[in-house]
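Q: After the structure tokens below, expect a handful of questions from me.
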Amino acid sequence: MAAPKPNEIIMIDHKPPKKWWMDTKPTFRQGTFSYPSKPKNIEILDMWNPREWNPVDEDWKLPDDWKERILEGFRDLLKKYRSLKVFMDICVRCGACADKCHYFLGSGDPKNMPVLRAELMRSVYRGEFTKAGQLLGRWAGGRELTYDVLKEWFYYFYQCTQCRRCSLFCPYGIDTAEIDLAGRHLLNLVGCNINWMMEPAANCFMVGNHIGIQPHSLKDMIDFFVDDIEEVTGVKIEVPFMKKGAEILFVTPSGDFFADPGTYTFMGYLMLFHELGLDYTMSYYAAEGGNFGFFTGTIENAKKLNAKIYAEAKRLGVKWILGGECGHMWRVVHQYMDTLTGPADFLEVPKSPITGTVFENARSSKIVHITEFTADLIKHGAINLDKNRNAGITATFHDSCNPARGMGLFDEPRYVVKNVVPEFYDMPEDTIREKTFCCGSGSGLNNDEFMEMRMRGGLPRANAVKYVNERYGVNTLSCICAIDRAVLPPLMDYWVPGVTVTGVHELVGNALVMKGEKKRTVNLRQEPIPGMEEEEEDV
Amino acid sequence: MRIVMPFIIVVGLALTAWAGWAIHLQGFFGVLVPYAAALIFVAGFCKKVVDWAKSPVPFKIPTTAGQQKSLPWIKHSNIESPFTTGQVIIRMFFEVFFFRSLFRNLKGELRSGPSLIYGPTKWLWFSAILFHYGFLLVILHHLRLAIHPVPCCVDLIDKVDSMFQIGAPPIYLSGFILLLGVTALFLRRILIPQVRYISLVNDYFPLFLIMGIVISGMLMRYVIRTDIVGVKALIMGLVTFHPVVPDGIGAIFYIHLFLVCCLFAYFPFSKLMHMGGVFMSPTRNLPNNNRAERHVNPWDPKVKLHTYEEWVEDYRDKLEEAQIPID
């Protein structure tokens, strides 16, 4: 679906309307909401109320006891999560979070202010669960959970990418992602969820990757990569899958297998591992590091997918796990995995077989981020890099929300990028590192039907790229997230045409000097490298 | 109406106290109400905190605001991304005493181009600091009414607070700081369109209540003087559990006291509980050492996994055909 033109979108009014928010209802306009899950995906994940339905219809085909189900679920979550309970009680509505949300900045819709997004739920908490709210209603900031409120929840809880930028600025650390996850879980209880989140989750659960490519087809795809790498470098490499007794299990988001430009990043990993002579393996069963189950807010889904990684590590008998470039995968891996599916006591504390570095920071979960691994290699001079093979590239780096605010991974990827490209400039400081802006399409919202909101939500990110593009001639946006690699190219085309999006390890792959390689004339995208073009024979 | 109604309520509360004084209910407003309010405050506050504490923290979810601790040669941001409990305590210290997160505040503005401009904005932080520290000082020097003899630290605060003596009685700076803070917070709430839009009665009511307290207190000190010896006797009576109701204390005192009691009684049921909640926020009070120290979830969800064996059964023919090793 095509979004309106940029000049139509930028007429954004951040002033709220006259009518108060409790009196307004969302309009389900094409481009601003995601399509509902197909029933089969709900069934595969053993969730609730599978059916065909459409958000624009009056009747959402909810079960008769939908309200009781949600309120019961709400009470249950309050018992299980201190975060939710505290966040329901302590917001003072200071508004510090308001203009921190990319969707508010890009749409001006007041209910996209994090405070109001949370109030959508808080008002129900007060109205249904507190004495004052029950007695005084909106005079105590409370309201009842009605059909319209439920529809509003669906609209706005699927207009949040759980990026946590607001939680950084909140004086009490109120985390809208926690509230949004809770909201999505409650919506799940009555079968209101979106397909772009549910289908990848169902595929990862049953097949092992988010597109649902069956293992033998995936094998063929890997063979294509091997051919491409040979064509570019002259080096024939092997990609070990399901190899028992390997030292390392490598898990990456499966987006890297299917979609350009993630595929080039994937080739970068393969070349690096080959050059190091790394004893590693990948798995068709646990071929997905990303976790679309997490986005559903129903934590059981996150566990169903994440558990495969440790299970496979155990079956294959590896010593530790290396994780590829992916945003929310690393939120789950860093903040949830050990708790959710650990302890990984059958693994060893990760130790780089090349440099001998022991990754003490991963001593319990035994999983290392690829940029931690590669930064260590570069620091020790363990790989030979030639920046000239990235000639013509002036790069910047987009901190993905989750590794930024859910992990603190800032300097490792920058160190890697700066070592492989000739020129690097960071975007303005209020738009990077912990203050980074979302790509606008995270948490299952990277679908086509949501394109207008994606372009709106991506405006702050794109605008910062535009700044360094105009000022320093930055032409390449590097990132460490598969969703970024899928969604930033259309975002750049829309707001900053001419900027290329690349994974960090694509740049590493290009710069990597390999034993037995031929003279490189093209990069992994098979585009000529400036200054290294093939000499024309007939000149 | 969301603004007017809470204002009327606060005026109504003040009038109630005045009326009570006029019909000689000093015992009720001077003794019973304060005890009831104190009881509600303490019991309500504890109940709320215990209620929060009863819900577990299933996952370690700090919002990381700085570089993680990873490789030894990468500089770890040990306060913004704390790894140890000690570092968490420092982070919390800055959060609680200096409102660190609020200090980070930025203002985003969309200009033509389009171009989004961000700049630091400290007004909210500054108002909040004035308000909270003003309030703290005011409470501290009220201790002189409740402790006998007056401890030297309270005396010292008093000396600093009243250093600008313009005639008698000395001016307490803290009261004016608090008034300035509460006024600034009120003004931004009604003047910034987005903040006005999100504001509830729940936000205006405590502001008006605190304004009422400050104004009645100032009137009592600087304008409508009352019998301060009698007031001290009443307060000492309350805190020593030998309540007395001296004659001759003016209505203004009872108004002031009643509004304070209302604030205390309202506190546990309101957003003012952020005072306790800030300490319990899992995005701030947990270390970013997730991969090094395992966190245990007491209600670890049980799920039905799709096991390797089941997966092999799904694809056995295809796996064999593609010569993918099977267990």
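Yes/no matrix, rows are residues, columns are (1) within 7 Å of chain A (Cβ to nearest Cβ); (2) touching a residue at least 12 places away in the same chain (Cβ under 8 Å):
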| position | (1), (2) |
| --- | --- |
| B:51 | no, no |
| B:55 | yes, no |
| B:75 | no, no |
| B:108 | yes, no |
| B:121 | no, yes |
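Q: Same structure again: Which of the residues that make up segment A:465-478 are assigned to a helix (DSSP H, G or I) and under 22 Å from residue A:325 (Cα atoms)?
A: A:465
Q: Still on this structure, please answer the following. I'm trying to understand the selection: among the residues of segment A:104-156, which are part of a helix (DSSP H, G or I), surrounded by fewer than 22 Cβ atoms within 10 Å (Cβ to Cβ) and either acidic (Asp, Glu) or in the same structural domain as residue A:459 (by TED's automatic domain parsing) (or both)?
A: Within segment A:104-156, A:128, A:148, A:152 qualify.
Q: Next question, about the same structure. Enumerate the helices (runs of 4 or more DSSP H) found wholly within segment A:305-403, keeping only those where 2 or more residues are in contact with a Ser or Thr (Cβ under 6 Å, 6 or more places away or on another chain) and of a type in the set (Asp, Glu).
A: Filter on segment A:305-403 gives A:370-379.
Q: Which one of the conditions (1) over 27 Å from residue B:13 (Cβ atoms); (2) surrounded by fewer than 19 Cβ atoms within 10 Å (Cβ to Cβ) does residue B:161 fail to meet, given that it meets all the rest?
A: (2)
Yes/no matrix, rows are residues, columns are (1) modelled with pLDDT under 95; (2) within 11 Å of chain B (Cβ to nearest Cβ); (3) farther than 28 Å from residue A:44 by Cβ:
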site	(1), (2), (3)
A:281	no, yes, no
A:284	no, yes, no
A:301	no, yes, no
A:308	no, yes, no
A:311	no, yes, no
A:333	no, yes, no
A:353	no, no, yes
A:358	no, yes, yes
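Q: Among the candidates B:177, B:147, single out the residue that is at negative phi, at pLDDT below 95 and not polar (S, T, N, Q).
A: Sole residue among the options that is at negative phi, at pLDDT below 95 and not polar (S, T, N, Q): B:147.
Q: Filter segment A:208-246 down to the residues that are free of Cβ contacts under 8 Å to residues at least 12 places away in the same chain and of a type in the set (Ser, Thr, Tyr) and list them by number.
A: The answer is A:217, and nothing else.
Q: I would also like to ask the following. For segment A:86-103, which positions are under 18 Å from residue A:459 (Cα atoms) and aromatic (Phe, Trp, Tyr)?
A: Of everything in segment A:86-103, just one residue is under 18 Å from residue A:459 (Cα atoms) and aromatic (Phe, Trp, Tyr), namely A:103.
Q: Could I ask something else about it? Answer yes or no: is there a residue in segment B:194-213 that is over 30 Å from residue A:99 (Cβ atoms) and crowded, with 20+ Cβ neighbours inside 10 Å.
A: Scanning segment B:194-213 turns up at least one residue that is over 30 Å from residue A:99 (Cβ atoms) and crowded, with 20+ Cβ neighbours inside 10 Å.
Per-residue answers, yes or no, for (1) assigned by TED's automatic domain parsing to the domain that holds residue A:439; (2) of a type in the set (Gly, Ala, Ser); (3) more than 21 Å from the chain's Cα centre (by Cα):
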site	(1), (2), (3)
A:375	yes, yes, yes
A:384	yes, no, yes
A:400	yes, yes, no
A:403	yes, no, no
A:420	yes, no, yes
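Q: Then there's this: Please specify each residue of segment A:274-300 satisfying the condition of being of a type in the set (A, V, I, L, M) and either surrounded by fewer than 24 Cβ atoms within 10 Å (Cβ to Cβ) or under 22 Å from residue B:308 (Cβ atoms) (or both).
A: Scanning segment A:274-300 gives A:276, A:278, A:282, A:286, A:287.
Q: Among helices (runs of 4 or more DSSP H) lying entirely in segment B:223-298, which contain 3 or more residues that are surrounded by fewer than 17 Cβ atoms within 10 Å (Cβ to Cβ) and either within 14 Å of chain A (Cβ to nearest Cβ) or among the aliphatic types (A, V, I, L, M) (or both)?
A: Ranges flagged: B:228-239.
Q: Another question about this same structure. Can you list residue pairs whose Cβ atoms sit under 7 Å apart, with the first residue in segment A:517-533 being at negative phi and the second being aromatic (Phe, Trp, Tyr)? Count only pairs 6 or more apart in sequence or on different chains.
A: That search, which allows pairs on different chains as well, returns A:524/A:264; A:525/A:264.
Q: Next question, about the same structure. Could you run through segment A:360-373 and say how many residues are more than 9 Å from chain B (Cβ to nearest Cβ) and not hydroxyl-bearing (Ser, Thr, Tyr)?
A: Adding up the residues that qualify gives 2.
Q: Look at segment A:479-497 and say how many of its residues are hydrophobic (A, V, I, L, M, F, W, C) and in a loop (DSSP other than H, G, I, E, B).
A: Counting residues in segment A:479-497 that are hydrophobic (A, V, I, L, M, F, W, C) and in a loop (DSSP other than H, G, I, E, B) gives 3.
Q: Within segment A:56-96, can you find the residues that are acidic (Asp, Glu) and in a helix (DSSP H, G or I)?
A: Scanning segment A:56-96 gives A:68, A:72, A:76, A:89.
Q: Here is a further query. Quickly run through segment A:415-425 and pick out the residues that are in a helix (DSSP H, G or I) and either surrounded by 24 or more Cβ atoms within 10 Å (Cβ to Cβ) or touching a residue at least 40 places away in the same chain (Cβ under 8 Å) (or both).
A: A:415, A:416, A:417, A:419, A:420
Q: Then there is this: State whether one or more residues within segment A:124-137 are in contact (Cβ under 8 Å) with a residue 60 or more places away in the chain and either polar (S, T, N, Q) or under 28 Å from residue A:27 (Cβ atoms) (or both).
A: no
Q: Looking at segment B:175-193, is at least one residue in a loop (DSSP other than H, G, I, E, B) and free of Cβ contacts under 8 Å to residues at least 60 places away in the same chain?
A: For segment B:175-193, residues in a loop (DSSP other than H, G, I, E, B) and free of Cβ contacts under 8 Å to residues at least 60 places away in the same chain: present.
Q: Also: Looking at residue B:90, is it free of Cβ contacts under 8 Å to residues at least 24 places away in the same chain, more than 14 Å from chain A (Cβ to nearest Cβ), within 24 Å of the chain's Cα centre (by Cα) and closer than 30 Å to residue A:98 by Cβ?
A: yes
Q: Is there a residue being over 23 Å from residue B:274 (Cα atoms), at pLDDT below 95 and outside any helix (DSSP H, G or I) anywhere in segment B:96-108?
A: Yes, segment B:96-108 has at least one match.
Q: Of all residues in segment A:11-47, which are assigned to a loop (DSSP other than H, G, I, E, B), surrounded by 17 or more Cβ atoms within 10 Å (Cβ to Cβ) and not hydroxyl-bearing (Ser, Thr, Tyr)?
A: Scanning segment A:11-47 gives A:14, A:16, A:26, A:31, A:33, A:45, A:47.
Q: Okay, moving on. Which one of A:366, A:351, A:308, A:319 is under 24 Å from residue B:304 (Cβ atoms) and of a type in the set (D, E, K, R)?
A: Among A:366, A:351, A:308, A:319, only A:308 is under 24 Å from residue B:304 (Cβ atoms) and of a type in the set (D, E, K, R).
Q: Of the numbered conditions (1) within 18 Å of the chain's Cα centre (by Cα); (2) farther than 28 Å from residue B:296 by Cα, residue B:53 satisfies every one except a single condition; which is it?
A: (2)
Q: Which condition breaks for residue B:170 when tested against (1) within 14 Å of chain A (Cβ to nearest Cβ); (2) outside any helix (DSSP H, G or I)?
A: (1)
Q: Can you tell me which residue within segment A:434-465, out of those that are charged (D, E, K, R) and buried (at least 24 other Cβ atoms within 10 Å of the Cβ), is farthest from residue A:55 (Cα to Cα)?
A: The selected residue is A:461.
Q: Do the conditions hold for residue B:129, that is, is it more than 30 Å from residue B:255 (Cα to Cα) and either assigned to a loop (DSSP other than H, G, I, E, B) or more than 7 Å from chain A (Cβ to nearest Cβ) (or both)?
A: Answer is no for this residue.
Q: Taking the options B:102, B:71, name whichever one is surrounded by 14 or more Cβ atoms within 10 Å (Cβ to Cβ) and more than 28 Å from residue A:340 (Cα to Cα).
A: The match here is B:102.
The values are calculated or read from the model by the stated rules, or taken from the named source; none is laboratory data. Not measured: the values here are computed from a predicted model. As a convention, Cβ positions derive from the backbone with ideal geometry for all residues, glycine included, and neighbour counts pool all protein chains shown.
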